1. Take the cross-link list A:Lys345/C:Lys151; B:Lys412/C:Lys255; C:Lys93/C:Lys149 and give me the ones stretching past 24 Å between alpha-carbons.
2. Straight distance only, please: which lysines reach the Cα of B:Lys73 with their own Cα at less than 29 Å, same-chain residues fewer than 8 apart left out?
3. Could you rank the peptides C:129-135, A:64-70, C:46-52, A:266-272 by their average count of other C-beta atoms within 10 Å per residue, with the highest value first?
4. Grab the Cα-Cα distance for B:Ile253 and B:Ala118, subtract it from 0.36 nm times how many residues apart they are, and report the gain in nm with one decimal.
5. At 7 Å along the Cα-to-beta-carbon direction for both C:Leu37 and C:Thr50, put a label point, then send me their distance in nm to one decimal.
6. Any chance you could give the angle, 0 to 90 degrees and rounded to 10, that helix C:231-241 forms with the longest Cα principal axis of chain C?
7. Taking each residue of B:94-102 in turn, how many C-beta atoms of other protein chains fall within 10 Å of its C-beta, and what is the average?
8. For an R0 of 51 angstrom, estimate the FRET efficiency from the Cβ-Cβ distance between A:Asn183 and A:Leu356 and round to the nearest 0.05.
Amino acid sequence: MSDTLIHTDPAPQPESKPTLLDRLPGSNNTILIAAFLFVLLAFVRTVTDADALTSSSTVGVAIRATIPIMLAGLAGLWAERAGVINIGIEGMMILGTWFGGWAAWQWGPWVGLIMAVVGGSIGGLVHAVAVVRFNVDHIISGVAINILAFGAMRFLSELAFVGEQGGGISQSPPQSSAIPRINLPFLAGGGDTTDILGNLEDRGWFLISDIAGVLGGFAHNLSWASVIALTLVPLTGWILWRTVFGLRVRSSGEAPGAAETLGVRIAPLRYAALSISGGLAGLGGGYLAIISSSFYREGQTASRGFIGLATMIFGNWNPIGVLGGASLFGFGEALNLVGPAALPKLFLYLAIVAGLVFVRSAMRRRWVPAAVQGTLGVACLVVFLTVDKIPEPLTKSVPFVLTLVVLASATQRLRMPAHDGKPFRSGEDH
Amino acid sequence: MSDDLAVELIGIEKRFPGVIANHDVNISVTSGTIHAIVGENGAGKSTLMKTLYGMHRPEKGRVIVNGTEQNFKSPSDAIDAGIGMVHQHFMLADNFTVTENIILGAEPTNGVRLDLKAAKRRLTEIATSSGIEVDLDALVADLGVGQRQRVEILKVLYRGAKILILDEPTAVLVPQEVDELFENLKQLVADGATVIFISHKLDEVMAVSDEITVIRAGTTVTTVLPSETDQKQLAEYMVGSELPAGEPRTTEIGDAVRLDVNGVSVGAGGDGGRPAVDDVSFSVHAGEILGVAGVEGNGQFELCQAILGLADATGSVIFDGHDVSSRPARERQDLGLAYIPFDRHTEGLMLDSSLWENLLLTRDNDPELCPHGFVDQAAVRAATVATISRYDVMTPSETVPIYALSGGNQQKLLVGRELDSGPTVLLAAHPTRGVDVGAQSSIWDKLREARDAGLAVLLITADLEELLALSDRIIVMFDGKVNAELSPSDATPELLGTYMTGGAV
Amino acid sequence: MTLDEIVNPPVKKTTGSRRGDLERTMVTIGSSLVAVLVAFVISGLLLAITGKDPFAAFSKMGEVATNTDKLYETVQRAMPFIMSAVAFAITAKLGLFNIGVEGQFLMGMFWAAVIGAYVELPAVLHIPFVIIVGSIAGAMWGAIAGYLKVKRGVNEVISTIMLNAIALQVIDWLFNEFFRFDDGTGSLDVRTKQLPESAWMPDIVDNQLNGFVVVVLLVVIAYYVVVFRSRFGFRLRASGLNPEAARTSGISANKMVLLAMLISGLVAGLVGLQYLMGESHSYGPTRPSGYGFTGIGVALLGRNHPIGIVAAGLLFGFLEAAGGPLQLEDIPSSIVRVIQGITLFSVVIISGAADRWYAKRTTERAARDMQLAGSGEQEVAA
């Protein structure tokens, strides 16, 4: 027996102690930091006269650019939270673009969106059958779905669009009507009222005009589809973390063996989660075909399915994180479209942020990170001072490079669902 | 304590293909007591508890819970009867909170929503009344081992368990956590629960149980009260009173020290738990078999990993005069280190591959088999056929995928593969596990032959018969340390049993 | 026992047969064939449902199969698929998924075009030079993913997908900024500077079969020899079959991953060289794409085996070659893509199920064989 009471310290917290940030972002810290970052952006805008940085047109375009990526990210999230890797999101989005374009042309945009969801869900179900019933490797099934979707859509286009006005093997005829947009009254001049936000924005005042610009982006010309899509973020969070179904879906991704010993049946949960995943991806595709443009075009998805996966990863498998990551990319895309001249000015912003982080690292005596951040800051400053226009291919590669950088530096700190991607046969011991 | 019987197991028999795991098992557990079941590895304790928990059905026998005869078809039935099992390997979702882990599968709801408030209320009730306290909002990943165990206990209490089965609960706990656990168990029992726990640590068993049942070779040997016995006698019950004598050897132990292990530790510090291997030192001479006795899970695996060069270890490992402490595994093997692994499926074999490909796995540096970096298939096949023949591996051919062979035959191939490579030092972990009796003695003969020819062997086994049949010297590992060294002639069941279960003479 | 028998114990004749090996091969081939069949059937149904005539389609394909010109075209089209499949298969044997073959092949093709055009060498040196440049470019691009996996634990699926996209953008930018070449003809199809003729790969059969087929064959043979016959290949496959057992027997997982990604990228870099050296002689925006992904399909259908890959590649090549004639018969040529996609999906599902079935059967049969041979085995409790 223990003659001496050995005092053991409680287990020292691992480096990657999951803070509340991992599960409920929105703690005081994050809000303060976000606010500060915004003020800084406003400052840079004022100083460099780069109106596009916070203009309502940029924000408006950003919203439309963010949503497909965000939906793809949510699709990945639903799948991986259930323990299944879904590389096939791109393919499911493609299904969504096609079915959305086709149905919108035939029956109107709302039916289009619904059919897009259905098309994507079918893809999700196929993945589910392969992975859950036949135990196919998750990655292989996903890649196969991408290849299949890509090939099949062209075939379907040949059947449905060739010979129709405006259609062809790689695009559909335009949709019969568009989803209505909102202009908020008073704030954005909806219904012939004064456009308060627009006025404020035009003044160019530091911070006030910036806030007006950002809010204006939401208040002007906002599509109902965007509103619906954005509500899916809190809805996902609520379902996954506050309902029985969500808890069990997550258990399927964290510890399916343990869940089974408690009587939870894993297979139906995965089928459900993957259908939802496919549906979300399909909705993202439908959005591209119906809102971002007005018809289906081959290649419309442009790897957004994979960018969505990326946002899921550095959003730490969290819906708010997905939204944050997606809006980062959406903002970049929008800036490139609306005001490419403003892009180099963004580098001043980045330089300042890098500088601040450098100071913080130096104060903590973390020299290696400080050196990296300092160099980056100087590089950004140089770009700001010397470059007039950033070549488009380089801005287009930013999402991908960023993903690699985040993965390379933070793999230890990210928390993916514990059983993600691992094969699971019912009845297997833990 | 009442006189009612919470659990009665009568005449239980359980078979698996080729193995009789339990036969003629009779246990009566009084309500409101802590009842311990002790026995060695493979004695059949876990199998028995799985029967009680409904994880499988016995071939013969009756299970009676609280006076009612039961016929469990699955753990859910057992749970309904008020039985809860806390496994040795916890089944928890690290990234979930304690509450989420406990309520999963039996969630309190408010419509479609999770009613976490109600869950926490109920859990707090249970926690206070049982004295088993854990931070309900903590992430399991942040919890220490003792706390995780409490979560597992709460899991079964939440589902209304009145009879708790704990499988080797103290295997992973530090002494302070063990004390806390026993306090909790006593509290539970005072509230009317019944606890059955499986262990091989006799000192703990003596300290906390009201009754002890000993199981050996699949059957119940005796049931005693702690007051009527002592550790030495228990050890003898566990291990049997007769041990075979080893065969006398005709050759001498060599002078050369082939393997010298000095102050090796694995897994010390870091997560605050116990180190798996704690400052172990010994040496093995040419022509000597050093037997390492001990119940599985006391550091033997990690020790082998350290010697092989596959784990982070401190201390020195000197192999035939070469200091290989920081050399990679491949180099050590090239110098003549061979290994018969603990788990042939995870560590030793590629199940989908043929026998000859499996032979090649640890022999690909042999210039006869792989000249100039190319595989000479004919040579490998011939060598495999020879090994198959010498070790009596029952297989249709050397090209059959090895998953088609029985476990025993797979093991024979493994042993042959390593011995036939002409090693200088052999680490042999239960070399005859799963092998039939005839082949077992033939393998023992081969080991002795090799030893006589100069091989140095570190034999790790919990099978005392094997240990005594082969060893020239014996050390015992418990809790990561070497706590005894003796010669086979001095090894009595009580002595070995005592050391293996952490006691002192 | 005689002394001789003690020293040389008689080697027990094994009771089993080569039948087992043959059977295993048949199951593997069979599952691929069934998958192809399923794909054709489903595609036929699709055609019928959409009002086209499946029998006309299949008979047209049969025509194509017997046309010599089309056969050459089949081989020509199959070659990059086969090469790309080999690249994928190398890492697949290790259990890695190199989805990045697409980006690696683009890198190889681009840099071979650019660097090869500014060098003057006699043909006998120039051709190998261009080939080497292409493969090194591909290898380096693949090494990035390998490095990220080994040093930073980044999953290779995501990193290679990202690298594919990055490669596209980077090459586009490099091309437009630096390497557009005005050849003075005022043509709208602007490309890089054309490779000198010394770097052109001659045709074996004029305009029908390019000499690059030799390179492809060499690569396939090398794949077989290295992966299936060499010690390195054995260790590679062992690491894929049971990483833990491989580690226990001293194989270094990190080394394997790096080497596999390098070699895979090396082969991938060659994929586009057929087009570059045999056809266009320069790089431009109208370059082929998609070989990386089709290659994955070919590798899966061919079960990562050299002969299977060649057969699957030829099948896919044949389907591509049949596209044109099908179009003339009013059958959408994209049905070819559908067939390819469904084949891929079916083989993945069918082969998994078939392998499991075969494993069960073999185990049962082995147990029966042993009982017949009178082993009378009783096992000790584990």
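Rule-based calculations on the coordinates, nothing more; no lab input. Everything numeric in this text was worked out from a predicted model, so none of it was measured. Cβ atoms come from the backbone with ideal geometry, glycine included; neighbour counts cover every protein chain shown.
1. Values: A:Lys345/C:Lys151 35 Å; B:Lys412/C:Lys255 31 Å; C:Lys93/C:Lys149 17 Å.
Those over the limit are A:Lys345/C:Lys151; B:Lys412/C:Lys255.
2. Cα-Cα hits under 29 Å: A:Lys422, B:Lys14, B:Lys45, B:Lys50, B:Lys60, B:Lys155, B:Lys162, C:Lys360.
3. Numbers: C:129-135: 21.7, A:64-70: 27.1, C:46-52: 14.9, A:266-272: 19.3.
Highest-to-lowest ranking by the protection proxy: A:64-70, C:129-135, A:266-272, C:46-52.
4. Numbers: separation 135, 0.36 × 135 = 48.60 nm, distance 6.99 nm.
Length difference between fully extended and current span is 41.6 nm.
5. Simple spin-label model gives 2.6 nm for this pair.
6. Helix C:231-241 and the main axis of chain C meet at about 80 degrees.
7. On the way: counts 6, 13, 7, 1, 0, 0, 5, 6, 1.
Partner-chain Cβ atoms within 10 Å, mean over residues of B:94-102: 4.
8. Working: r = 38 Å, r/R0 = 0.74.
Working from the Cβ atoms, E equals 0.85.
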